[in-house]
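For reference, the structure discussed in these notes is given below.
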Amino acid sequence: MTAVLVEAAEGTPSSGRQMQLLPENGIRWSDAPLAMDKAADELKMAVLSRTTVDGDTMDFRLTSVQGWPAKVTVRRLDAEPWVSAIAIVGPWPESNGRDERAGRLESSFMQWMRKFGAMKRVEPWSRERE
């Protein structure tokens with residue numbers, strides 16, 4: 001079995017680029033949609049839509065079981081913590097619990113981003129990278 005693996009490895013062309021299984025800073029931008037899904041689920045919410053504003057900003061629209069709307073703006077940062085999430089939750093700005101729900105959503109999202117960043121991932125193979 002080992003001989004087969006060695007032969008396959010020798011026959012595989014080197015791309016000249018080292019495979020990065022973990023992100024350097026612990027945050028992988030591509031994990032943001034999945035992290036938002038998990039954070040929303042924890043708070044009994046659902047993600048209705050995601051809009052990519054630009055390469056460094058995403059907007060998420062959510063709703064709660066009670067019908068409360070929410071908007072979360074996620075931005076990629078150049079310094080630690082590398083990503084930020086700002087949530088607005090509730091139909092009225094003066095609603096009781098609005099700030100607390102927004103804070104829990106932001107916190108949960110950041111925790112999921114760190115969890116997913118700690119998972120090793122291999123980029124999908126593509127002929128274009130050869």
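The values are calculated or read from the model by the stated rules, or taken from the named source; none is laboratory data. On a predicted model such as this, the values are computed, not experimentally measured, just so you know. With ideal geometry, Cβ positions are generated from the backbone for all residues, glycine too; neighbour counts draw on all protein chains shown. Only protein heavy atoms, including side chains, enter the accessible area calculation; ligands, DNA and RNA are left aside. Shrake-Rupley method; radii C 1.70, N 1.55, O 1.52, S 1.80 Å.
Within region 54-68, can one find any residue that is under 14 Å from the mean Cα position of the chain (by Cα), part of a strand (DSSP E or B) and of a type in the set (Phe, Trp, Tyr)?
yes
Based on what the data block shows, is residue 116 closer than 26 Å to residue 62 by Cα and either at pLDDT 90 or above or of a type in the set (Asp, Glu) (or both)? So residue 116 does not fit the description; no. Close Cβ contacts (under 9 Å, 6 or more residues apart or on different chains) running from residues in region 54-73 that are farther than 14 Å from residue 33 by Cβ to residues that are among the charged types (D, E, K, R) and crowded, with 17+ Cβ neighbours inside 10 Å comprise 64/101; 68/98; 68/101; 70/101.
Restricting attention to region 78-89, which residues are closer than 11 Å to residue 105 by Cβ and surrounded by fewer than 19 Cβ atoms within 10 Å (Cβ to Cβ)? Answer for region 78-89, where residues must be closer than 11 Å to residue 105 by Cβ and surrounded by fewer than 19 Cβ atoms within 10 Å (Cβ to Cβ): 86, 88. Once region 43-77 is narrowed to residues that are within 20 Å of residue 103 (Cβ to Cβ) and of a type in the set (S, T, N, Q), the residue that is most open to solvent (accessible area, probe 1.4 Å) is 66.
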